[in-house]
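Any read-out appearing in this document is the output of simple, stated calculations on the displayed coordinates, not a laboratory observation. None of these values were measured; they are calculated from a predicted model. Heads up, the Cβs are rebuilt from the backbone with ideal geometry, glycines too, and the neighbour counts pull from every protein chain shown.
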Amino acid sequence: MIMGICGTYDLDSANGRMLEILLKECESLGAETLIWDHGKKPLPLVGAPGSWEDAIVKEFQDMALSSDAFVLSSPEYHGTMSGVMKNSLDWLYSKHTSGKVFGLMATLGGQNSNNTLNHMRIAARWIHGWVAPEQIAVPHIKEAFEEDGSIVDNLILDRVKSLAASLVSNTIKLRR
Ligand SMILES: Cc1cc2nc3c(=O)[nH]c(=O)nc-3n(C[C@H](O)[C@H](O)[C@H](O)COP(=O)(O)O)c2cc1C
């Protein structure tokens, strides 16, 4: 099972769309997938009053524990991942993620940058994830999708295919 984590509350967003496209590709390679919906089940900030006993947090952690791999897709906010993404990762510990593959994607309003990808790579490593070397940054996000929701740039589509192939094949190797 591959778990998608979105860096926005709204799955009807660029990052929700990227997760959908990537996970569909993983499914065509035989994987089962699901996406955590922050809009329906928002996680409290780590340390907020009552957060340590929050039932939604427990559900999120249980879903992570039963997953074999993760895909993180975050908008770049001020040169790094969104608060929603960072807070999601802060709720995961190595007991949920150790020895599991992570795939990374980021979207940008402006020019290409690897900042968010690099920062998520560091956080994923800190919870003992194996981060795939294939990764995707989508710049100029407002022009990135056709009206039907497909990806405009074939080079990005190629990257989606290689990230999905890497996630599925490396998950099989690590979790066999
Ligand atoms: C608070 C905030 C900060 C942002 N900072 C950046 C930035 O540093 N670089 C950039 O290229 N785009 C920046 N953007 C644009 C977002 O990256 C863009 O809206 C997002 O990738 C779209 O994805 P979404 O539809 O999933 O929200 C920022 C947007 C917001 C709301």
Using 0.36 nm per residue, how much length does the chain from Lys95 to Glu53 gain when fully extended, once their Cα-Cα distance is taken away? 13.3 nm
Residue among Pro49, Pro133, Pro75 with the largest mean-square fluctuation in a Gaussian network model of the chain, springs linking Cα atoms under 10 Å: Pro49
Structure shown: which of Lys24/Lys161; Lys41/Lys142; Lys58/Lys95 lie over 19 Å apart, alpha-carbon to alpha-carbon? Lys41/Lys142
Per DSSP H run of at least 4 residues, take -39500 (n - 2.57); add these up for the chain, divide by its residues and hand me the 222 nm value, nearest 500 deg cm²/dmol. -12500 deg cm²/dmol
Based on other C-beta atoms within 10 Å, arrange Ser28, Ser82, Ser88 from fewest to most. Ser28, Ser82, Ser88
Would you list Thr80, Thr8 from fewest to most Cβ contacts within 10 Å? Thr80, Thr8
Taking N as the residue count of the range 28-98, its alpha carbon Rg divided by 2.2 N^0.38 Å gives 1.17
Checked the range 111-164 with the C-alpha gyration tensor, a ≥ b ≥ c its square-rooted eigenvalues, rounded below a/c of 1.5, otherwise prolate if a/b is larger than b/c and oblate if not; verdict prolate
Per the Cα gyration tensor, the range 63-121 corresponds to an equivalent ellipsoid with semi-axes, largest first in Å, of 23, 11, 8
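Once a ≥ b ≥ c are taken as the square roots of the eigenvalues of the Cα gyration tensor of the chain, is the result rounded (a/c under 1.5), prolate (a/b larger than b/c) or oblate (a/b not larger than b/c)?
oblate
Shape verdict for the range 83-176, please, from the Cα gyration tensor: rounded (a/c under 1.5), prolate (a/b greater than b/c) or oblate.
Note, shape of the range 83-176 comes out oblate.
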Contour minus Cα-Cα distance for Lys161 and Glu32 (0.36 nm per residue): 44.8 nm
What's the center-to-center distance, using Cα atoms, between the range 1-79 and the range 111-133 in Å? 16 Å
Least to most buried among Ser98, Ser73, Ser166 (fewest other Cβ within 10 Å first): Ser98, Ser166, Ser73
If I build a Gaussian network model for the chain, linking alpha-carbon pairs within less than 10 angstrom, which residue out of Asn87, Asn112, Asn154 has the largest mean-square fluctuation? Asn154
